[in-house]
Amino acid sequence: MTSAQVNALQAGLLGFLASWAVVLVPQLIVHHARYGRVVVRRVVATGAVLCYGWLAFAVVFLPLPGPRARHLVQSVQLVPFQWIADVHRDAAGSGLLAELSTTAFEQMALNVLLFVPFGLFARLLWRRGFAGTVLLGFAASFAVEVTQLTANWGTAPFQYRIFDVDDLITNTSGAALGWIAAACYLALRTSAVRAETRRSERVHLTEAR
């Protein structure tokens, strides 16, 4: 991870803390008024979504270009899975470990991981199905890419991030993986609850005898 990415994450974390400080107190007041208590699960969920949103925003758009920033040599990349060729080129035939340590591979992995929480939230919080999550992930990624293509809708002095079709693929794949992970977690939790219920029923039947 580069120093620019670390700085972006720090800025995102500060943004999250500031926004959660604004949101937290009203949420606690609403909880006491509606439920008579604080629903910790909902507070944590709100914090998690805010944290993810700010960190994702920071990673995607920061740092903003300065007056001495260089213009992009290539502004659009429309070849699917171009990252594979880039990995082979950067590794120069040095083997699998060298390929896994290339910038192209790391960037691909980060793009996948970036949208895994999106898939988790879609399944656990928003109750979306797999197809709906994939479509939402693609739509969110496409919105990001168009924003980058248009230099943040004209608010940036020039385009400083490339429009990359591979980002659409990897981001959407990350959302799908997040949904699958959440679905597996829910299935395991349901199985554990059913097993515990069956054990409890057996104990009650034994005691009844």
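The values are calculated or read from the model by the stated rules, or taken from the named source; none is laboratory data. Remember, predicted model here, so these are calculated numbers, not experimental data. With ideal geometry, Cβ positions are generated from the backbone for all residues, glycine too; neighbour counts draw on all protein chains shown. Just so you know, the surface numbers come from the protein's heavy atoms only, side chains and all, with ligands and any DNA or RNA stripped out. Shrake-Rupley method; radii C 1.70, N 1.55, O 1.52, S 1.80 Å.
By how many degrees, between 0 and 90 and to the nearest 10, does the Cα long axis of helix 130-149 differ from the longest principal axis of the chain?
30 degrees
So if I place +1 on the C-beta of Lys and Arg and -1 on the C-beta of Asp and Glu, and nothing else carries charge, what would the dipole magnitude of the chain be about its Cα centre? I want it in debye, nearest 20.
Once rounded to the nearest 20, the dipole reads 1160 debye.
For the chain, what does the accessible surface come to per residue with a 1.4 Å probe? Please give it in Å².
Heavy-atom accessible area per residue stands at 64 Å².
Relative contact order, percent, of the chain when contacts are C-alpha pairs under 8 Å separated by at least 6 residues?
Result for the chain is 22 percent.
I need the shape label for the chain. Rule: rounded when a/c is under 1.5, else prolate if a/b > b/c, else oblate, with a, b, c from the alpha carbon gyration tensor.
Values: a/c = 2.71, a/b = 1.58, b/c = 1.71.
The shape class here is oblate.
Over the chain, with every protein chain in place, what whole percent of the accessible area is carbon and sulfur at 1.4 Å, could you tell me?
Values: 8980 of 13310 Å².
Ligands and nucleic acids excluded, carbon and sulfur give 67 percent.
As a test of the formula, what do you get for the chain when each DSSP H run with n ≥ 4 contributes -39,500 (n - 2.57) and the sum is divided by the residue count, at 222 nm and rounded to the nearest 500 deg cm²/dmol?
Result for the chain: -26000 deg cm²/dmol, rounded to the nearest 500.
Just to be sure I understand: with springs between alpha-carbon atoms less than 10 Å apart, which residue in 140, 21, 58 has the highest mean-square fluctuation in the Gaussian network model of the chain?
Highest fluctuation of the listed residues: 21.
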